[in-house]
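Down below is the structure, laid out as structure tokens.
The values are calculated or read from the model by the stated rules, or taken from the named source; none is laboratory data. In this text, all values refer to a predicted model and were calculated from it rather than measured experimentally. For neighbour counting, all protein chains shown are included, and Cβ atoms are generated from backbone atoms with ideal geometry for every residue, glycine included.
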Amino acid sequence: MHFSHRFSPAHAFKFLFFLVVILLVNLSYVWTFYILSATNITPISGENFKAYYTLIPVISLSSLILSDTLNLSRFFRKKPGEILSQSLWFVLLQAMITTTAKDMLLQRAFPRSVLIFSTIIMFAMLSLWSGLCLHMSHKLYEKNRLIIIGGSLTTAKLIREKIMPLLHHYDLELTDLLIYSDRAGIRSAIMEQSEVFICPDVPDDSKSDIIMQCARKNTVAYMVPQFYEISLFQSRIINFDDLMVFLVDRLALKFEQRVLKRLMDILISLIALVIASPFLLISAILIKCTSKGGVIYRQERLTIDKKPYYIYKLRTMYNDAEKQTGPVISGAHDPRVTPVGRFLRRSKLDEVPQFINVLKGEMSIVGPRSERPDFVEKFEVEIPGYDQRFAVKAGITGLAQVVGSYDTTPQDKLRYDLLYIKNYSVLRDVSIILHTFRVIFTPKLYKRTFSENMEQYAPSLTREEVRERKRNRKKKSRQQEDPDNI
């Protein structure tokens, strides 16, 4: 995609979008007046219309400012879910502005009932118009080229396999795989306005150089964030005299956030256990009748500050399932899972007993997924920053679970876990809980088969070997901090 400062069809498209938004906002108020008047829900008089006419300049100007502020007109790489979210924020803010304006300008004849009903109509019309424009934008902009830059061709190929099925949704066409050391090839691709995907194993100095080149040529770059980049996300800016610095805050929840989160955990857990109790009873009977072993499965996991606890789940595997395989992350066609267990996992009913862990204070409803000590020891050696996910309690669901799948790689899960902790809010917890219901009805639970996970994630080191590697890493870290003590 070529960007130009000259007036283009893309600019005309945006101008049309803003104009229609202003018309739709005003039309939603007019339609509401006529609907309420025709149905006798609210008596409408000439004074009511006169108050609206007085507010038209404020309503129109605020519509323009809000649509620009909320990036309603930016359809580049936008998803349908973002349209609904932005439209909802728009209509809520527009209603607040109109309410304030009618009071400040003494136009109290503007009925509150019109404000309430027009919000619903406005949301529907704005969502439909934005959805239509999203579809039109795919036709307006031609497919752009994409190159993948990796620390090695192996990494670039792995990324290619992962993102290839999604490229057509973003109007992208993969053209080349490059290694970061191929500076001439990268420079040539960026000069041709190719978009750039930077793999996580590209060295930091090379990342900086590539992004700088993209900025100069006004092209787009995608980067898989590491711990360093995630820690800078939404950081506060502090000025020491004329020196601008990022304040990288502690990776933990504040006191008031912990209190609100705990109250929400208790309330939702009590409600969930009451509602789910009949399903738990039926599930318990099915488990007992179809396979040997107990109904409740207890397993040691780690939560905040790596404190061990025993998680409760409905048993979904055969008794002594790991006797032959050892601890292995589950996947598609896992022979250890019973037929009833497959249904319980698919419906997430096996997770319900964890609400007891939440009431006991061992877990939270939303947080990083709890892991077993065996996996934690392995991942801490292999994945830098993995221990930072224990800054909060383990959760029944989490950002990594609603965005990814059951067997998303530990590295990718960690990125989402750290982003969740860094950007925590009660509203985000509510959003994740609501998205969890969507995940329950997602047809595909796993991306990988059990045999693939067994090859890649089965602990290949003994506990002593893992601990020895951790000791060596800590020793190396101390030596780097104080070279004189080497």
**Request:** Give the residue that is modelled with the lowest pLDDT, with candidates limited to residues of the stretch 328-349 that are outside any loop (DSSP other than H, G, I, E, B) and among the small types (Gly, Ala, Ser).
**Result:** 332
**Message:** So the check is Cβ under 7 Å with 6+ separation or different chains; which pairs have a first residue in the stretch 64-77 that's in contact (Cβ under 8 Å) with a residue 24 or more places away in the chain and a second one that's part of a loop (DSSP other than H, G, I, E, B) and surrounded by 14 or more Cβ atoms within 10 Å (Cβ to Cβ)?
**Reply:** 67/73
**Request:** Would you check if there is a residue in the stretch 228-248 being in contact (Cβ under 8 Å) with a residue 24 or more places away in the chain, part of a strand (DSSP E or B) and either assigned by TED's automatic domain parsing to the domain that holds residue 368 or surrounded by 11 or more Cβ atoms within 10 Å (Cβ to Cβ) (or both)?
**Result:** no
**Request:** Would you confirm whether any residue within the stretch 175-194 is exposed (fewer than 11 other Cβ atoms within 10 Å of the Cβ) and in a helix (DSSP H, G or I)?
**Result:** yes
**Request:** All but one of (1) of a type in the set (A, V, I, L, M); (2) surrounded by fewer than 21 Cβ atoms within 10 Å (Cβ to Cβ); (3) modelled with pLDDT of 85 or more hold for residue 352, so report the exception by its number.
**Result:** (2)
**Request:** Would you point out the residue of the stretch 402-420, among those that are within 15 Å of residue 390 (Cα to Cα) and within 12 Å of the chain's Cα centre (by Cα), that is surrounded by the fewest Cβ atoms within 10 Å (Cβ to Cβ)?
**Result:** 419
**Prompt:** Can you name every residue in the stretch 62-91 that is surrounded by 13 or more Cβ atoms within 10 Å (Cβ to Cβ), of a type outside the set (S, T, N, Q) and part of a helix (DSSP H, G or I)?
**Reply:** 64, 66, 68, 82, 83, 84, 88, 89, 90, 91
**Asked** Quick one: is residue 299 within 25 Å of residue 367 (Cβ to Cβ) and outside the structural domain of residue 339 (by TED's automatic domain parsing)?
**Response** no
**Item:** When residues of the stretch 355-383 are limited to those that are under 24 Å from the mean Cα position of the chain (by Cα) and of a type in the set (S, T, N, Q), the one surrounded by the fewest Cβ atoms within 10 Å (Cβ to Cβ)
**Value:** 370
